[in-house]
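This report refers to the structure that appears directly beneath it.
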Amino acid sequence: MQRIVIKVGSHVISEEKKLSLERIKNLVEFLAKLMEKYEVILVTSAAISAGHTKLDIDRKNLVNKQVLAAIGQPYLISVYNEFLAHYNKIGGQILLTGKDFDSIKATKHAKNAIDTMINLGILPIINENDATAIEEIVFGDNDSLSAYATHFFDANLLVILSDIDGFYDKNPSEFKDAKRLNKVDKILDSWLDMPIKTGSEHGTGGIITKLKAAKFLLENNKKMLLASGFNLNVAKTFLLENKQIGGTLFENF
Ligand code: ADP
């Protein structure tokens, strides 16, 4: 079975100081379907937003973000598990930092755990360990972590479910005439120099970290699909029917 990583951004599963239970429910329904066809690993953001539903402290302050993530992470996992139970499935939490991938030993231990979970029909749910991984908390939102997970845990496709439905030739929130690129086989340096704007206060990654994730995967001969997490049709059709009807597919041709 082909192994895939699905990454979901904070903005997709949270809104206005609360988790979007409707979107998490739809996502889990999709994941349960995917688990029949693929070996699936989920990378999820939104621990901080989940924490904010329980404790109203200023989320701009770094240490407060760590506290919110500490409160929110177990809550987030419990919400996933509540919905997974409808499909007789369970999810297991794996907390990593980018640095874990610098260590062959740590990567191997994590991979062993993930391989075994997959063999047991469990959904591995990865998130950044926000108590130690300060860099990703400030900027990154799991885009690079999900690219590393795809490569080092032997998946060949990363699907990023974002608040944007693909990569555009210019920022679509600023330019009405921006065009979505359907397929991309090379990340241009000029794209990486684009001014950074994120979709909302929930998302921290912006498009640059997604392009860097795609660049890393292309260099390692892997694929990445960037598609909307609000409407899962593009991701569904791509993964379940093998047809690309939208999004941006980063692939070496
Ligand atoms: P997520 O929360 O899903 O990780 P972000 O909000 O951090 O996503 O990043 C995606 C946002 O980046 C988009 O909503 C859009 O506003 C912005 N963006 C800037 N330039 C581009 C571009 N060329 N193509 C697509 N999105 C862009």
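Bear in mind that the values in this text are calculations on the coordinates, not laboratory data. This one's a predicted model, so the numbers in the text were calculated from it and none came from an experiment. FYI the Cβ positions are ideal-geometry reconstructions off the backbone, even for glycines, and counts take in every protein chain you see.
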Scalar couplings 3J(HN,Hα) for region 23-28 by Karplus 6.51 cos²θ - 1.76 cosθ + 1.60 (θ = phi - 60°), nearest whole Hz, x for Gly and Pro, are 5, 5, 4, 5, 5, 5
Which residue, Asp165, Asp154, Asp58, has the most motion in a Gaussian network model of the chain that connects Cα atoms within less than 10 Å? Asp58
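Tell me the net charge near Thr53. Cut-off is 12 Å between Cβ atoms, Thr53 excluded, with +1 for each Lys or Arg and -1 for each Asp or Glu.
On the way: positive: Lys17, Lys18, Lys54, Arg59; negative: Glu15, Glu16, Asp56.
So the surrounding residues net to +1.
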Compute the semi-axes of the equivalent ellipsoid of the chain, taking the square root of 5 times each eigenvalue of the Cα gyration tensor, and list them largest first in whole Å. 24, 22, 19
Nearest 20 debye, what's the magnitude of the dipole of region 3-250 about its Cα centre given +1 on Lys and Arg Cβ and -1 on Asp and Glu Cβ? 420
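Ranked highest first by average number of other Cβ atoms within 10 Å, how do 208-218, 99-109 line up?
On the way: 208-218: 22.4, 99-109: 13.3.
Order by mean packing, descending: 208-218, 99-109.
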Formal net charge of residues neighbouring Phe30 (Cβ-Cβ distance under 12 Å; K, R +1; D, E -1): +3
Output ³J(HN,Hα) for region 119-134: one whole-Hz value per residue in order, computed from phi by the Karplus curve 6.51 cos²θ - 1.76 cosθ + 1.60 with θ = phi - 60°, and x for Gly and Pro. 4, 8, x, 8, 8, x, 10, 9, 9, 5, 7, 5, 5, 10, 8, 5
Which of Asp193, Asp169, Asp141 fluctuates most in a GNM of the chain (C-alpha springs under 10 Å)? That residue is Asp193
